[in-house]
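A short worksheet on the structure shown next.
Read-outs: derived from the displayed coordinates by stated rules, not from any lab. Computed from a prediction, not measured in an experiment: that's the story for all the values here. With ideal geometry, Cβ positions are generated from the backbone for all residues, glycine too; neighbour counts draw on all protein chains shown.
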Amino acid sequence: MGRPKQFDPDVAVERAMEVFHRKGYAATTPQDLVDALGIGKGSLYNAFGSKHALFELALRRYQDGQALALIEMLEGVGPVKERLRRTLRFLAGADLADPDRQGCLAINIAAELGCSDDAAIALVRRMFDRAESEFLALVEEGQRAGEIDAGRDARALASLLLNSLVGLRLLARVAEGPERLERVIDAVVDGL
């Protein structure tokens, strides 16, 4: 009979996600993970198989949490443009308030790994696709309500919003303050 696990795998994935978010994939060592998870290397590999397998679990966890948060913010009450403005301001503000300026893990991974890690990039693409789908639903709602010109291509606007979100979150990592981010948010929302 094997020894019982001495750790909670869900907690371990959460802690690993924090390490990958802080350090990136390449800079995270197995020792970093062992230290953060409070387990031995043998337990790490027995439970998760590899650093990369744990990374994929952590990225999925991040994806699920971020997708839910975005959906909740966009589906709030009020006019479509105000919900969008509120969501973008919240995300930019959270990024600015983070003393480590970690930004979005998915965006960071897209920048770090590019096309060198098919599995990770597939997860990032799914996250971007889901965000774009939420933006599409919001744009279509705005078009039905008369807030957004119904003659404009809703898919193109959703893609523009995704691109703006990605750029905004990258810009927030190095911004000295909120002014430029506010200008971007206002230009994007007012331009719909």
The chain, dipole about Cα centre (Lys/Arg Cβ +1, Asp/Glu Cβ -1), debye to the nearest 20: 440 debye
Relative exposure of Thr87, Thr29, judged by other C-beta atoms within 10 Å (fewest first): Thr29, Thr87
Residue (of Leu70, Gly191, Pro30) at the positive-pole extreme of the chain, dipole from beta-carbon charges: Pro30
Net charge of neighbours whose Cβ lies under 13 Å from the Cβ of Ala119, counting Lys and Arg as +1 and Asp and Glu as -1: +1
Footprinting exposure proxy for His52, His21 (fewest neighbouring C-beta atoms within 10 Å first): His52, His21
Spread of Cα-to-Cα distances over 5 Å intervals beginning at zero, given as percent, for the chain: 1, 7, 15, 17, 16, 14, 10, 8, 5, 3, 2, 1, 0, 0
Summed residue charge, Cβ within 13 Å of Arg85's Cβ, Lys/Arg positive, Asp/Glu negative: 0
Kyte-Doolittle mean at least 0.5, axial Cα span of 30 Å or more - DSSP H helices of the chain: 154-174
The range 7-21 and the range 148-189: distance between their alpha carbon centers, rounded to Å: 31 Å
Ranking of Tyr45, Tyr62, Tyr25 by count of other Cβ atoms within 10 Å, fewest first: Tyr45, Tyr25, Tyr62
Using a Förster distance of 45 Å, the FRET efficiency for Arg125-Glu179 (Cβ separation, nearest 0.05): 0.90
